[in-house]
Amino acid sequence: MKILKNKKILPYFFVIFLTSFLLGVIFSFQIGKNIVDDLLKSKTYVVTGESTYEENDLDLTRVLEAYFYLKREYYDSDVIKKNDLVESAIKWMVDWLWDKHSEYMTKKETKNFHEALSWDFEWIGAVVEKVELWVMIERILKGSPAKNFGLLKGDILIEANGIELEDLDLYEAVDNIKGPAGTKVVLKYLRAWEIDPLETEVIRGKIKIPSVDSKILEDTDIWYIAVNMFWWDTEVEFKKALEDFKEKEGIIIDLRDNGWGYLQSAVVILSNFIKNGKNIVFTKYKNIFDNNVYKSVNNGDTYEWKIVVLINGNSASASEITAGALRDYNKAILVWEKSYWKWSVQQPFDLSSGWTLKLTIARWFTPKNKNIDKEWIEPDIEIRFLKEDYENDYDRQLEEAKKVLNNFIKYGSLKLSVDEYNNSTEK
């Protein structure tokens, strides 16, 4: 290599070198920009290490442009955190779906979600949802402290142990309500028919609910089975309860406050009453090739009892599948109020951030192809609690269900039984 000895040439050399360097940087930047633009406008986006998402018209340019101006021009741009913006954007996208069963959950919310699925949690046993200022009890779990201490669906919780719940988000409010089993929480709440706020001290408990309760109702010959949840072993417990009382003519199946469970458990339970091979429920997905039909499976023997099913506004999911199928096959009279209307299937997707995206991926349909996700299962006979029933701990629905079942056994006809009951109550 020759050494430059002419010092006059050196300035020109550095100019050429600097020019080449700058051109290289500009050229590289342009190539990089083109690559980014191509990625933004391409069909394929990497979602996980195992799968890709394809979309023809997804263009994130405007998102990046908006972020650029936020960072460059916004006066308090130092408070902007990229991750917070991303999480907020995803949360907004999910909220935009207007699907109360789809949600984007933080790490903490994901933990609470898995605890709820495993029933490994301690608090008052009420499902709550956010309303404008406070939180409202959406569902009361059977046998829970909330039920035992007189809280009702629709109560709006405004304070927990003196801490105002106003303007807290849902999970912040729940953190103030829940606590170790045996501890107390004083709840102040609003009730629709009361002028002034009410206050109740609730002793928190470990939420542990038996899957099935069964008994002969006092002073009757009526067999009663309460299905509190449709869990892995529920169908076994239910079958055992049926075997214990084969000789009965009628049965009351209580699905009130049962808003949980697995589809397969409901299918197995319904197979005790519906002829082998008959459709029980359809699941329909976005991809029609994923659609499925669940049929009754038994050895040809079914229980031909007269059935009265108790449902309420807390009866959801597998409870509605059970009530809907028995209704479609004219196997049961449905008593009390409209159900919760949850006829959809959710699946959680774990994201790389540790957050979870829970989305509705399918809908359920009755044997007669009816979906009630935006409606309700209407009762054949509607019986509501009166104010004094709550005060006197009187189960009006169950007491009236006994009369309905006796009519059903007597007349053998669902319509005649309903008409007879309605005529007798109108007199």
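The values are calculated or read from the model by the stated rules, or taken from the named source; none is laboratory data. Worth saying up front: this structure is predicted, and the values here are computed from it rather than measured. Because the Cβ atoms are built from the backbone with ideal geometry, glycine has one as well, and the counts that use them run over all protein chains shown.
Taking the residues in segment 165-186 that are in contact with an Asp or Glu (Cβ under 7 Å, 6 or more places away or on another chain) and without any contact (Cβ under 8 Å) to a residue 40 or more places away in the chain as candidates, determine which candidate is surrounded by the fewest Cβ atoms within 10 Å (Cβ to Cβ).
So the residue we want is LYS184.
Can you tell me which residue within segment 394-415, out of those that are more than 29 Å from the chain's Cα centre (by Cα) and exposed (fewer than 15 other Cβ atoms within 10 Å of the Cβ), is farthest from ARG327 (Cα to Cα)?
TYR394
Tell me yes or no: at least one residue of segment 334-342 is under 25 Å from ILE269 (Cα atoms), among the hydroxyl-bearing types (Ser, Thr, Tyr) and either surrounded by fewer than 19 Cβ atoms within 10 Å (Cβ to Cβ) or in the same structural domain as LEU152 (by TED's automatic domain parsing) (or both).
no
One line per residue, one yes/no per condition, for (1) touching a residue at least 40 places away in the same chain (Cβ under 8 Å); (2) aliphatic (A, V, I, L, M); (3) outside any helix (DSSP H, G or I); (4) at negative phi:
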site: ILE269; (1), (2), (3), (4): yes, yes, no, yes
site: LYS284; (1), (2), (3), (4): yes, no, yes, yes
site: TYR294; (1), (2), (3), (4): no, no, yes, yes
site: VAL297; (1), (2), (3), (4): no, yes, yes, yes
site: LEU310; (1), (2), (3), (4): yes, yes, yes, yes
site: SER315; (1), (2), (3), (4): yes, no, yes, yes
site: GLY324; (1), (2), (3), (4): yes, no, no, yes
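Among the listed residues ILE177, ILE253, ILE222, ILE158, which satisfies the condition of being more than 24 Å from VAL127 (Cα to Cα) and in contact with a strand residue (DSSP E or B) (Cβ under 9 Å, 6 or more places away or on another chain)?
It is ILE222.
Residue pairs, Cβ under 7 Å, 6 or more apart or interchain, first in segment 359-372 and at pLDDT below 85, second part of a loop (DSSP other than H, G, I, E, B). List them.
Here the result reads ASN371/TRP343; ILE372/TRP341; ILE372/TRP343, each pair linking segment 359-372 to a residue that is part of a loop (DSSP other than H, G, I, E, B).
Every residue in segment 86-110 that is under 18 Å from ILE361 (Cα atoms) and touching a helix residue (DSSP H, G or I) at 6+ places or on another chain (Cβ under 9 Å), please.
SER102, GLU103, TYR104, MET105
Among (1) surrounded by 16 or more Cβ atoms within 10 Å (Cβ to Cβ); (2) among the aromatic types (Phe, Trp, Tyr); (3) over 30 Å from GLU218 (Cβ atoms), which single condition is TYR421 missing?
(3)
Quick check on my filter: what residues within segment 237-264 are out of contact with any helix residue (DSSP H, G or I) (no Cβ under 7 Å at 6 or more places or on another chain), more than 22 Å from LYS410 (Cβ to Cβ) and not in a loop (DSSP other than H, G, I, E, B)?
Those that are out of contact with any helix residue (DSSP H, G or I) (no Cβ under 7 Å at 6 or more places or on another chain), more than 22 Å from LYS410 (Cβ to Cβ) and not in a loop (DSSP other than H, G, I, E, B): GLU237, LYS239, LYS240, ALA241, LEU242, GLU243, ASP244, GLN264.
When segment 69-95 is examined, which residues are found to be loosely packed, with under 11 Cβ neighbours inside 10 Å and either outside any helix (DSSP H, G or I) or in contact with a Cys (Cβ under 7 Å, 6 or more places away or on another chain) (or both)?
Passing the criteria: TYR75, ASP76, LYS81.
Quick check: is even one residue across segment 272-280 in contact with a Ser or Thr (Cβ under 7 Å, 6 or more places away or on another chain), modelled with pLDDT of 90 or more and of a type in the set (Phe, Trp, Tyr)?
yes
Of PHE149, PHE230, which residue is touching a residue at least 24 places away in the same chain (Cβ under 8 Å), assigned by TED's automatic domain parsing to the domain that holds ASP254 and of a type in the set (Phe, Trp, Tyr)?
One residue alone meets the criteria, PHE230.
Step by step: first the residues of segment 218-233, then only those that are within 18 Å of LEU310 (Cα to Cα) and in contact with a helix residue (DSSP H, G or I) (Cβ under 7 Å, 6 or more places away or on another chain), then the one that is surrounded by the fewest Cβ atoms within 10 Å (Cβ to Cβ). Which residue is that?
THR220
Under the condition of being surrounded by fewer than 22 Cβ atoms within 10 Å (Cβ to Cβ) and β-branched (Val, Ile, Thr), which residue from segment 138-163 is farthest from the chain's Cα centre (by Cα)?
Per the stated criteria, the residue is ILE163.
Could you check how many residues of segment 175-219 are basic (Lys, Arg) and part of a loop (DSSP other than H, G, I, E, B)?
Residues flagged as basic (Lys, Arg) and part of a loop (DSSP other than H, G, I, E, B) within segment 175-219 amount to 4.
Give the residue, chosen from ILE377, ILE383, that is among the β-branched types (Val, Ile, Thr), more than 17 Å from VAL281 (Cβ to Cβ) and assigned to a loop (DSSP other than H, G, I, E, B).
Only one candidate passes the filter, namely ILE383.
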